[in-house]
Amino acid sequence: MSGNATLGLQCPRPFLDVKGFTDGGFVEGRLCRTLTPELTCCLPCPMTDWAYPDSFVTMSLVANWTAVVSTVACLFLLVSWAVLPVDKTFRHYLSISLTTAVVFMNLGFVIPLAARPEQCYDAITPNSMHTSGVCAASGVFLIVGGWAGVMWVFLRALSLHLQICWQVVVGRNFMWFSQIAGWGVPIIGIVLVLVFSGTSFRFGATCHINHKNSLADLWIPLLVFAGMTIIIQFATFGYCIKVYLASLSDNNASTEGSNMPSYTNSIRTMTPKQAYRRVRRVIQLQWRGIMIVLIIITDVVFFSVVFVFQDTTVENVKHNPEVALKWIACLIQAGGDKVPCLDEAGPIVVNMPTVGAVLMLLAINGLWLLFLLGRWSMVTGWIDMFASKDRKREFVSVDARLDDLKKDTRSYEMLSRDTGKEMDESVTPSLVTPISPAYHNPALRSPRSPMGPATTRDSSNGPNDGRRTPDYFGQTSRYNAPARSFSNPRPPQSSPQPPPVTWDARETYARVGAYANNDDYVNPLGMNRI
């Protein structure tokens, strides 16, 4: 920069003459003023170093590192949704896609922090996406992330509106529509930006869209979808308030104990209290999504308004230099010292607290997602998964393992195919194996051996025939008809007169001495018989 200063001796400090520089970089990003046809003086690059205090760099670094933490939080959510079971994470494609969009947005701040690119092509010209790969990458990720974030909060608000207000169960068709719209619109948007506008270093270490055609290909469409999201969200809130107020005036006793309406009822036939219970349940399940929609939309709208205002102000300075005349005069009088002139730079830039608020709000979106979409069950799920891998296997003896194998029915064998044998002979026969003494000495074989004695063993059976399986399916059991069957109707049959009911006192250990020899004995079971 000192070498270039010698080329601009005709321009007062700190301004430089444009004749000493080429046409490389983003030439439209220069902040110059033509004093004479032969003399054009330009403000050194970058402009933020002259319009903001030195703490602006520190504030940008804090926002970028916050974006790093936010990215880690989003990656934790994405990996948890991919690895852990659904009962631990309660994953949903709307949440996964929105988190991915926030990761893209954060990469617009993380990439410049890691690469530390040179913002300026030369002393007066900022770099553009054509002269800096880092600029192109950060600008693409920032714009795609912003577009995708707006689209997915719009789809989430639309899904909630359909469920609450219209009692529509969003299914697979809505999912495919969401995937096409949620990623298709951002792709179209970034193509339009790169073709008709481009990106360059205009506001810190992150590349932003250039002023040319920026309203038509980015800001207006983005704010249209953001406005539609706000309208849908407030329409849903209005319906909830209406249902709540109607439920307060509902005195129908028949709905006091009722719960959700049946499937045969439509939204028109529901009582106010039934509708209120349904809406309250949906809100209890979706309050996290509602908060995310409000937060993301607030951030995007705030960033869009601030950047459009900043962009418009800078372009106004280019076409109307009198707006920055006091600030320029102060810099000339101070000999290039920006500190006394910071107050005069107010009309040409957005104040630093507003810029810091915008950067921090964009950087902490991932932390909001972790707080609202994350669950403690994710942490316990990771702990359980790693604990199950690190847990040492318990020592188990061979006998215990054989007992476990016996519990498996597939390990059983049917021992004999012969019928007519005794139970102990067919179930637990004496086994003769090739390593037993009886295999080589037929005299030692037991008559109950599967191979049989040496004199009776069938020559067709080899020494390795092993256990024999009983023929459980060879016998045919005879069917015995039951004595009394009610499968067919039968006429009533007359039965002989039942014997009279009597009572023997000796069967119940009652006192029988008083009636042992008495003819006036009265049967207690028949004493009241007429």
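Is there a residue being in contact (Cβ under 8 Å) with a residue 60 or more places away in the chain and exposed (fewer than 14 other Cβ atoms within 10 Å of the Cβ) anywhere in the stretch 344-357? No.
Can you name every residue in the stretch 162-173 that is in a helix (DSSP H, G or I) and within 20 Å of the chain's Cα centre (by Cα)?
Q163, R172, N173, listed by residue number.
Against the criterion of being open to solvent by 30 Å² or more (accessible area, probe 1.4 Å) and of a type outside the set (A, V, I, L, M, F, W, C), N316 qualifies. Would you say F225 is surrounded by fewer than 22 Cβ atoms within 10 Å (Cβ to Cβ), over 21 Å from the mean Cα position of the chain (by Cα) and touching a residue at least 40 places away in the same chain (Cβ under 8 Å)? In short, yes.
Would you confirm, using the coordinates I've provided, whether D17 is in contact with a Gly (Cβ under 7 Å, 6 or more places away or on another chain), within 27 Å of I332 (Cα to Cα) and acidic (D, E)? Yes, satisfied.
Of all residues in the stretch 319-340, those that are within 50 Å of the chain's Cα centre (by Cα), more than 30 Å from I220 (Cα to Cα) and surrounded by 14 or more Cβ atoms within 10 Å (Cβ to Cβ) total 1.
In the stretch 152-185, the residue that is most open to solvent (accessible area, probe 1.4 Å) out of those that are without any contact (Cβ under 8 Å) to a residue 60 or more places away in the chain and not hydrophobic (A, V, I, L, M, F, W, C) is R172. Where in the stretch 34-151 are there helices (runs of 4 or more DSSP H), lying fully within it, with 1 or more residues that are over 30 Å from G289 (Cα atoms) and open to solvent by 40 Å² or more (accessible area, probe 1.4 Å)? Output list reads 48-51, 55-83, 93-115.
Scanning the stretch 208-222 for residues that are open to solvent by less than 50 Å² (accessible area, probe 1.4 Å) and without any contact (Cβ under 8 Å) to a residue 60 or more places away in the chain returns D217, P221.
If you check T71, T36, which single one turns out to be of a type in the set (V, I, T) and over 28 Å from H208 (Cβ atoms)?
Values: T71 fails: over 28 Å from H208 (Cβ atoms).
Criteria check complete, one pass: T36.
The values are calculated or read from the model by the stated rules, or taken from the named source; none is laboratory data. Remember, it's a predicted structure, so these values are computed and weren't measured experimentally. In this analysis, Cβ positions are derived from the backbone assuming ideal geometry, glycine residues included, and neighbour counts consider all displayed protein chains. The area values use the complete protein model at the heavy-atom level, side chains included, leaving out ligands, DNA and RNA. Shrake-Rupley method; radii C 1.70, N 1.55, O 1.52, S 1.80 Å.
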